[in-house]
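Participant: After the structure tokens below, expect a handful of questions from me.
The values are calculated or read from the model by the stated rules, or taken from the named source; none is laboratory data. As the structure is a computational prediction, the values presented were derived from the model and not from experiment. Quick reminder, even Gly has a Cβ in these numbers, built from the backbone with ideal geometry, and neighbours come from all protein chains shown. We work out accessible area using only protein heavy atoms, side chains counted, and drop any ligands, DNA or RNA first. Shrake-Rupley method; radii C 1.70, N 1.55, O 1.52, S 1.80 Å.
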Amino acid sequence: MAADAGAVSDFVSLAIVFGASALALAGGLWGLSEHQNNLTLRRTLRAATAKARVLISARDAWLAAGREALIVWSMDNSESKSFGSGAQLMEACLTGPDAPQLSAALDGLAAQGIPFTMTCRTSDGRTLALRGRPAGGHLTVFLGPEGRDSAHGRDFRGALDAMPVPAWIRGKDLALTFVNRAFLAASGQNEDAALAANLAFDRSERDLAATAHGNNETVEAKRFATLSGQRRALAFTLNPLADGSIAGAALDVTGVAEAEARLQAHIEAHADSLDRVSTAVAIYGPDRKLTFFNRAYVRLWGLPEAWLKTHPSYGDVLDRLRELRRLPEQPDFRAWKQQRTKLFEHRDHHPEERWHLPSGQTLRVMAQPHPFGGLIFLFEDMSDQMRLESSYNTLIKVQKATLDTLQEGVAVFGPDGRLKLHNAAFARIWRLEPGELAGEPHLKRIAEICATRFGDDGAWNVVMESVTAAAPDRSREWGDVERSDGSIISLSIAPLPDGATLASFADVTDRFRIESALRERNDALEASDKLKSEFVKRMSYELRTPLNSIMGFAEMLRAGTAGALNDRQTEYADDIVTSANALRDLVNDVLDLSEIEAGAMQLNLERLDLYLFLFGMAERAREWATKIGLTLELDCEAEGGQFVADGRRLRQVVFNLISNAFKYTPRGGTVTLGGAIHDEHVRIFVDDTGPGVSPEIMPLAFERFSAKGGGGTRAGAGLGLALVHRFIELHDGWVELESHPEQGTRVTCHLPRSLARNQQPPPEDRQARA
């Protein structure tokens, strides 16, 4: 009976420890529930906390139901708690005749954890039974009257039956000797069946009980078991009792386990997201050790990832970075390091910093407190931004200096009509004083000042209309106005992308006078050229109109518009179309020659890539060569270089040379198109394996209408090489003809790489077109 009562009393101590552990677990989980944006976790943890509170209430009820008093100390004697007048009974024993023995037993329990069982007489003559032992990190002493009976055990068994969590007792042989109602409800068995089957919620529970019995210490573990058809997470607590039996309890922590799993998933997702950002992130815990870093942090500092995973302290990281010269230069590094370390002590004040590293990088450094303690450091590389700011400031200064060197007056008015920018020429042209331009004066004010000095010439009205117009109506305007002082001012207005308006003023009085004189002389020159222009115009009209009719009707006949044609009629129609196309090309050649000789043709210069240009021409002519049984080869390096020319006219040149070579090269022959650039000299050639050109024809080869047939071929109109010669001369080049009878002919066009003419230079970014 005494052993049974002792076992029950020991189980009460287990309940105290178990309740304290559950309370600590719930409190810790409640702290985690404060994590931002995790409402589901909060609800789960609140439920776990409520269950723990119920358990604590039940614990107090169990202790109150017992016949023994209890007093509990922490291991360091910093706090104690008394149940059932335990403190008063202990004081009575310490003042009784057995106080020395009790003091020695208490010292052994506190110093070495030695359990004891003894009887002790109080100062008022009572005899009490005392049992002391360590439990759950505390020291417990039970005090009760000597000679307890089995009713006490029954009282404690009734209290255990009232517990809302499964509880049981196993004997020394690990067989079940007691189960409470919560155990039976969870297992779905009655008491006899459970005891007979030696039931366990998990196979390893008996192993845990054996470990607790063998080591004579409390064993705690979490296992998964199936209760009432559902898989649940259980926290097992196995506690050895004084009589050698093992008391056990199982707390359902499924909600807590799920909450921990969701929290861990959230933490892992958060870490994965931080790994993807370009900002370097480092998280230090309350112990100032590195707990997290992302990939950007490794790239920024160049620290070994394996070393970072050892969780170095903040000070160690600073020392390592100093060795690598990756920190800002400091006159007193030790003081600076101490100042940085103090950031962990002041969680509310973390000003943003900028670090200028010896490598030339500029970092923006931010620190903020972590919800679980410690600090989060963010490092953003601002080097590119700083360079952009510096470039922008430089550009602004260059812009201002450039504007001040212009002879044209420039003024920029914002959308509000105020003067945002101007140069010195603007003030000089309108004779405005510095005080009149200070403080961003409004456009109307400037217009009034100018009208007072020069009269209302209309120029400022145009500017005001452009500045105040709605966005769809804003357009570029320009014109010349004559002021009252006789000066002629050229006005140009351009809307800017930001809504501002740029107005430029140029004093063109001298230019206007010169232009007037030149205009009169040009009128006389134009009159002399008018007759030639009229002839070219009439020639174009008279030749092209009937030619277009012939081509149109021939196409209609060939298409069967006037009725189906037989094979011979179709052949005749094809010949008409072919001849009409040849005649059209001939007319175009004549007109081009006339335009060149009249001096009316202008070159449209562009930048061409030699290889792409020749490759494109070869690709277009290759099918034609195949049809007539010839081989066309390209002789040009892929990195031939670029040059400046009129792409359209140069294509005509190459096409005429290829056509001429095809015409005079017998079937099975080879035509080579090639080119090269040497220094400032461009060479393009067409080489064939035809019969060659006789010596008497060569001097006249580039004259108009000088073509002669050869090798059984019919001669053309003699305009192809003439056009080649004229177009190359327009490019400041010359044409070379090399030929030997029965050895073929080579025509080489020599061009300057860039033209020394009064032409607008081509844009640098214009791509060569094949």
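Participant: Given a Förster distance of 25 Å, report the FRET efficiency between SER82 and ASN215 from their Cβ-Cβ distance, rounded to the nearest 0.05.
Facilitator: On the way: r = 30 Å, r/R0 = 1.18.
Working from the Cβ atoms, E equals 0.25.
Participant: Next question. In region 211-317, what percent of the accessible surface is made up of carbon and sulfur (1.4 Å probe, ligands and nucleic acids excluded)? Working shown, then result.
Facilitator: Values: 2570 of 5210 Å².
Exposed carbon and sulfur together represent 49 percent of the surface.
Participant: Another question, if that's okay. Quick one: what are the phi-derived ³J(HN,Hα) couplings along region 404-409, Karplus 6.51/-1.76/1.60 with θ = phi - 60°, whole Hz, x for glycine and proline?
Facilitator: 5, 8, 6, 7, 7, x
Participant: Students often get this wrong: which residues of region 306-325 have the backbone nitrogen under 16 Å from the point 7 angstrom along Cα-to-C-beta of ALA271?
Facilitator: Answer for this model: 306-312.
Participant: Please list, ordered by chain and number, the residues whose modelled amide H lies under 5 Å from the amide H of MET382; skip anything fewer than 5 residues away on the same chain.
Facilitator: Under 5 Å from the amide H of MET382: THR362, LEU363, ARG364.
Participant: As an exercise, identify the GluC sites (Glu not before Pro) in region 348-443 lying in DSSP coil whose Cβ has no more than 16 other Cβ atoms within 10 Å.
Facilitator: Values: sites: GLU352, GLU353, GLU380, GLU389, GLU408, GLU436; in loops: GLU352, GLU408.
Hits after loop and neighbour filter: GLU352, GLU408.
Participant: What nm value, rounded to one decimal, do you get for the distance between ARG667 and LEU174 when each label is placed 7 Å out toward the C-beta?
Facilitator: My value for the distance between the label points is 10.4 nm.
Participant: Right, next: Amide H neighbours of PHE178 under 5 Å, at least 5 residues apart or on other chains, H built in the peptide plane: list them.
Facilitator: HN-HN under 5 Å from PHE178: ILE169.
Participant: In region 299-344, which GluC sites (Glu not before Pro) are in a loop and have at most 15 other Cβ atoms within 10 Å, using DSSP for the loop call?
Facilitator: For GluC sites (Glu not before Pro) across region 299-344 that sit outside H, G, I, E and B with at most 15 neighbouring Cβ atoms in 10 Å, the list reads GLU329.
Participant: Another question, then. Taking a ≥ b ≥ c as the square roots of the Cα gyration tensor eigenvalues, with a/c under 1.5 meaning rounded and otherwise prolate when a/b beats b/c, else oblate, which class fits region 337-407?
Facilitator: Working: a/c = 4.14, a/b = 3.49, b/c = 1.19.
Verdict is prolate for region 337-407.
Participant: What FRET efficiency do you get for ALA494 and GLU619 if R0 is 60 Å and r is their Cβ-Cβ distance, rounded to the nearest 0.05? Walk me through the numbers before you get to the answer.
Facilitator: On the way: r = 43 Å, r/R0 = 0.71.
Computed FRET efficiency for ALA494 and GLU619: 0.90.
Participant: Suppose the chain between ASP384 and THR570 were pulled fully straight at 0.36 nm per residue; how much longer would it get relative to their current alpha carbon spacing?
Facilitator: Numbers: separation 186, 0.36 × 186 = 66.96 nm, distance 7.16 nm.
Here the segment from ASP384 to THR570 would lengthen by 59.8 nm.
Participant: In whole Hz, what ³J(HN,Hα) sequence does region 229-241 give by Karplus (6.51, -1.76, 1.60; θ = phi - 60°), x for Gly and Pro?
Facilitator: x, 10, 7, 10, 9, 10, 9, 8, 10, 10, 10, x, 9
Participant: Within 15 Å, Cβ to Cβ, of THR689, how many net charges do the neighbouring residues add up to if Lys/Arg are +1 and Asp/Glu are -1? List each step's numbers first, then the result.
Facilitator: Values: positive: LYS663, ARG667, ARG746; negative: GLU633, ASP635, ASP687, ASP688, GLU738, GLU742.
Taking every Cβ under 15 Å from that of THR689, the sum is -3.
Participant: Want the number for ASP510 to SER484: 0.36 nm per residue separation, take away the alpha-carbon distance, what's left? Mind showing how you got there, number by number?
Facilitator: Details: separation 26, 0.36 × 26 = 9.36 nm, distance 1.62 nm.
That works out to 7.7 nm of additional length.
Participant: Moving on. May I ask you to list the trypsin sites (Lys or Arg not before Pro) in region 109-145 that are in a DSSP loop and have at most 15 other Cβ atoms within 10 Å of their Cβ?
Facilitator: On the way: sites: ARG121, ARG126, ARG131; in loops: ARG126.
Counting only loop positions with at most 15 other Cβ atoms within 10 Å, the trypsin sites (Lys or Arg not before Pro) in region 109-145 are ARG126.
Participant: While we're on this one: Sorted by accessible area (1.4 Å probe), largest first, how do CYS93, CYS636 line up?
Facilitator: Ranking CYS93, CYS636 by accessible area, largest first, yields CYS636, CYS93.
Participant: Which net charge results for the neighbourhood of SER123, defined as the other residues with beta-carbon distances under 15 angstrom from its beta-carbon, given Lys and Arg at +1 and Asp and Glu at -1?
Facilitator: Numbers: positive: ARG121, ARG126; negative: GLU91, ASP98, ASP124.
Counting the neighbours of SER123, the net charge comes to -1.
Participant: A follow-up question, please. Residue by residue, what Karplus-based ³J(HN,Hα) values in Hz, rounded to whole numbers, does region 545-550 have, using 6.51, -1.76 and 1.60 with θ = phi - 60° and x for Gly and Pro?
Facilitator: 4, x, 5, 5, 5, 4
Participant: I've got another one for you. Say the cut-off is 32 Å between C-alpha atoms; which of LYS81/LYS222; LYS342/LYS397; LYS400/LYS444; LYS397/LYS444; LYS309/LYS337; LYS81/LYS289 go over it?
Facilitator: Details: LYS81/LYS222 29 Å; LYS342/LYS397 43 Å; LYS400/LYS444 24 Å; LYS397/LYS444 28 Å; LYS309/LYS337 22 Å; LYS81/LYS289 37 Å.
Correct reply: LYS342/LYS397; LYS81/LYS289.
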